[in-house]
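A.B. asks: Here's a structure for you.
The values are calculated or read from the model by the stated rules, or taken from the named source; none is laboratory data. Note that the structure is a prediction, hence the values are computed from the model and not measured. Note: ideal-geometry Cβ built from the backbone for every residue, glycine included; neighbour counts use all protein chains shown. Side chains included, ligands, DNA and RNA excluded: accessible areas come from the protein's heavy atoms. Shrake-Rupley method; radii C 1.70, N 1.55, O 1.52, S 1.80 Å.
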Amino acid sequence: MNNQYFSFELQKVDPETGARAGIFHTPHGDIETPVYMPVGTQATVKGMLPKDLKEIGSQIILSNTYHLYMRPGDELIARAGGLHKFMNWDRPILTDSGGFQVFSLASLNKITDDGVTFSSHVDGSRHTFTPELAMKIQHNLGSDIIMAFDQCSEYGYDHAQARLAMERTGRWLERCYLAHDNEYQALFPIVQGNFYKDLRRESLERCLPFVKHGIAIGGLSVGEPKSLMYEIMDDLQPLLPTDVPRYLMGVGSPDCLVEGVLRGIDMFDCVLATRVARNGTALTSRGKVVVRNGKYKEDFTPLDPDCDCYCCRNYTKAYLRHLVNVGEMTGAMLLSLHNIAYLHKLMRGLRESILGGYVRDYVREFYRLQGDCAHEA
RNA sequence: GCGGGUGUAGCUCAGUUGGUUAGAGCGCCAGAUUGUGGCCCUGGAGGUCGUGAGUUCGAUUCUCGUCGCCCGCC
């Protein structure tokens with residue numbers, strides 16, 4: 001499943017859990033897995049400069065077809081020389097197809113086999129996304145990894161509804177595959193099927209013929225209990241292809257990252273780190289720290305005693321609380337920086353422990369430090 | 001000094017033709033947040049209704065005194 005642009009080097013698989021460590025080679029550089037990808041929806045990771053992302057070890061970021069198509073337009077970005085150049089990020093970029101966004105953000109008008117008609121969340125204007133258009137936009141953006149256009153189904157869909165969405169996702173995948181005509185962008189199919197194991201398995205079967213460089217699992221972490229998500233992943237794990245990276249879409253709380261890695265996932269993305277940062281919350285080695293809370297008013301210690309990021313090296317909780325409280329953007333920026341740095345560090349730790357053969361111990365220590373709200377696998 | 005106005009939550013103000021547990025916004029406190037609409041969302045605490053007396057079955061509401069503040073005049 002390699003070409004001159006993409007190849008996945010599986011370095012080690014933990015025999016007990018199936019946790020994997022590898023290197024994904026792409027046109028814009030190598031990605032050491034497992035990896036967390038910060039989300040830069042609108043061609044920027046909110047509150048972060050590329051140089052800061054590099055300093056904390058971001059290897060690849062995610063951006064978004066739907067948003068960039070709306071503003072400033074994918075053709076404009078193509079004229080600018082592509083998304084990498086436009087946003088000054090020379091490492092790999094993965095773009096989501098817009099499938100999720102037309103369901104979660106836009107007001108839907110109609111879903112047919114042809115595609116999805118919806119009204120923009122920006123100005124209400126009407127648009128239709130098809131698998132072909134989703135490919136064309138991502139071609140214009142020039143991201144390294146492009147995602148298939150899928151139909152998401154909500155938690156709570158019955159089996160029949162979930163089947164329709166899953167089957168349509170399969171048909172759309174074939175069209176994405178046919179419409180995708182270059183070698184320097186890797187197209188990842190997306191497994192759907194809601195929370196029905198038979199549908200998930202069938203969806204995976206439908207994806208396999210189109211898997212070249214990677215595969216994604218979508219439609220999880222959409223409001224269901226974590227135990228249910230883990231059940232679906234457990235069922236899928238032995239059936240997933242081993243020679244390409246596996247991407248679990250939208251998952252990114254620290255405990256979910258750990259549990260995902262233990263189930264053989266290689267790539268994650270999540271807005272959680274940057275979103276909670278903007279609301280004054282830090283993810284730390286000692287669990288969640290709601291910096292806004294009054295108890296930090298005179299806490300002159302760093303956010304996370306085990307972190308050496310710029311924020312933790314230089315600022316106290318009392319100062320961060322002050323910034324958040326008065327609504328200064330610097331607060332959101334520093335917390336975003338720390339949160340992303342923390343998730344990167346967590347993933348590096350997992351990777352090293354897999355390579356070193358002690359992932360179980362690493363995970364045990366992770367949960368011990370996280371304290372109360374830790375969920376056991 | 002005279003005349004007028006005003007005093008209700010930390011702040012800015014509603015309200016009651018006299019009637020059970022007096023409201024809002026903001027702020028504060030806490031929670032939420034998972035393929036991102038940064039201002040969102042969900043809870044909570046907090047008031048002897050300036051103060052003293054009177055009228056009344058009952059006063060934050062009416063009357064009088066008093067204190068504070070604002071405006072005008074001298």
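A.B. asks: For region A:22-35, just list the computed ³J(HN,Hα) in residue order, Karplus coefficients 6.51, -1.76 and 1.60, θ = phi - 60°, integers in Hz, with x standing in for Gly and Pro.
C.D. replies: x, 10, 9, 8, 9, x, 10, x, 8, 10, 7, 10, x, 9
A.B. asks: How many Å² of accessible area per residue for region A:184-281, probe 1.4 Å?
C.D. replies: About 30 Å² of surface per residue is accessible.
A.B. asks: Here's a follow-up. Tell me the net charge near A:THR284. Cut-off is 9 Å between Cβ atoms, A:THR284 excluded, with +1 for each Lys or Arg and -1 for each Asp or Glu.
C.D. replies: Neighbour charge sum, excluding A:THR284 itself: 0.
A.B. asks: With angles folded into 0 to 90 degrees, how steeply does helix A:131-141 sit against the dominant principal axis of chain A? Use alpha carbons for both and round to 10.
C.D. replies: 50
A.B. asks: Okay, next question. Give, as a single signed number, the net charge of other residues whose beta carbon lies under 13 Å from the beta carbon of A:LYS197, with Lys and Arg counted +1 and Asp and Glu -1.
C.D. replies: -3
A.B. asks: What distance in nm separates the simple spin-label points at A:ARG126 and A:ILE23, each placed 7 Å from Cα in the Cβ direction?
C.D. replies: Placing both labels 7 Å beyond Cα along the Cβ direction yields 5.2 nm.
A.B. asks: For an R0 of 22 angstrom, estimate the FRET efficiency from the Cβ-Cβ distance between A:ARG286 and A:GLU55 and round to the nearest 0.05.
C.D. replies: Result of the calculation: an efficiency of 0.45.
A.B. asks: If you fit an axis through the alpha-carbon atoms of helix A:317-326 and take the longest principal axis of the Cα set of chain A, what angle between them do you get, 0 to 90°, nearest 10?
C.D. replies: Long axis of A:317-326 versus the principal axis of chain A: about 60 degrees.
A.B. asks: Cα centroid distance between region A:32-53 and region A:73-133, in Å?
C.D. replies: What the calculation gives is 19 Å, centre to centre.
A.B. asks: With a point put 7 Å past each Cα toward its Cβ, work out how far A:ASP243 is from A:ASP306 in nm, to one decimal.
C.D. replies: If labels sit at A:ASP243 and A:ASP306, their model points lie 3.7 nm apart.
A.B. asks: Relative contact order for chain A: what is it in percent, counting Cα pairs under 8 Å that are at least 6 residues apart?
C.D. replies: 17
A.B. asks: Within a Cβ distance under 13 Å of A:HIS213, other residues only, what is the Lys/Arg minus Asp/Glu net charge?
C.D. replies: -3
A.B. asks: Let me ask something else about it. Using θ = phi - 60° and the Karplus relation 6.51 cos²θ - 1.76 cosθ + 1.60, list the HN-Hα couplings for region A:190-206 in order, rounded to whole Hz, with x at every Gly or Pro.
C.D. replies: 10, 7, 10, x, 6, 10, 10, 4, 5, 5, 4, 5, 5, 4, 4, 4, 5
A.B. asks: Something else about it: Taking a point 7 angstrom from the Cα of A:HIS322 along the C-beta vector, which residues in region A:332-346 have backbone N less than 19 Å away?
C.D. replies: Counting only backbone N, you get A:332-336.
A.B. asks: Also: Please give the peptides A:242-251, A:20-29 ranked by average Cβ packing (other Cβ atoms within 10 Å per residue), highest first, as a rough proxy for protection.
C.D. replies: Final packing ranking: A:242-251, A:20-29.
A.B. asks: What is the gain in length, in nm to one decimal, between A:ASP113 and A:TYR5 on full extension, counting 0.36 nm per residue of separation less the C-alpha to C-alpha distance?
C.D. replies: Additional length available on full extension: 35.6 nm.
A.B. asks: For chain A, set up a GNM with springs between Cα atoms under 10 Å and report which of A:THR128, A:THR284, A:THR65 has the largest fluctuation.
C.D. replies: Maximum fluctuation in the GNM of chain A, among the listed residues, is at A:THR128.
A.B. asks: Nearest 20 debye, what's the magnitude of the dipole of chain A about its Cα centre given +1 on Lys and Arg Cβ and -1 on Asp and Glu Cβ?
C.D. replies: Computed about the Cα centre, the dipole is about 920 debye.
A.B. asks: Ignoring ligands, DNA and RNA, please state the percent of accessible area on chain A from carbon and sulfur, probe 1.4 Å.
C.D. replies: The nonpolar share, carbon plus sulfur, comes to 50 percent.
A.B. asks: Hey, can you find the accessible area per residue of region A:46-116 for me, probe 1.4 Å, expressed in square angstrom?
C.D. replies: 43
A.B. asks: What is the packing order of peptides A:267-273, A:206-212, taking the mean over residues of other C-beta atoms within 10 Å and listing the highest first?
C.D. replies: A:267-273, A:206-212
A.B. asks: For chain A, build the charge dipole from Cβ charges (+1 Lys, Arg; -1 Asp, Glu) around the Cα centre, then report which of A:CYS311, A:CYS152, A:THR95 sits farthest towards its positive end.
C.D. replies: A:CYS311
A.B. asks: Per-residue ellipticity at 222 nm for chain A, helices alone: DSSP H runs ≥ 4 residues times -39500 (n - 2.57), over residue total, nearest 500 deg cm²/dmol?
C.D. replies: Rounded to the nearest 500, it is -12000 deg cm²/dmol.
A.B. asks: What percent does the relative contact order of region A:57-116 come to when contacts are Cα pairs within less than 8 Å and at least six residues apart?
C.D. replies: Reported relative contact order: 42 percent.
A.B. asks: I'd like the Karplus ³J(HN,Hα) series for region A:340-354: coefficients 6.51, -1.76, 1.60, θ = phi - 60°, whole numbers in Hz, and an x wherever there's a Gly or Pro.
C.D. replies: Values per residue, Gly and Pro as x: 5, 4, 5, 5, 4, 5, 4, 5, 4, x, 4, 4, 5, 6, 5 Hz.
A.B. asks: Considering only A:GLY287, A:LEU108, A:ILE61, whose Cα is most displaced toward the positive end of the charge dipole of chain A, charges sitting on Cβ of Lys, Arg (+1) and Asp, Glu (-1)?
C.D. replies: Projecting each Cα onto the dipole axis, the largest value belongs to A:GLY287.
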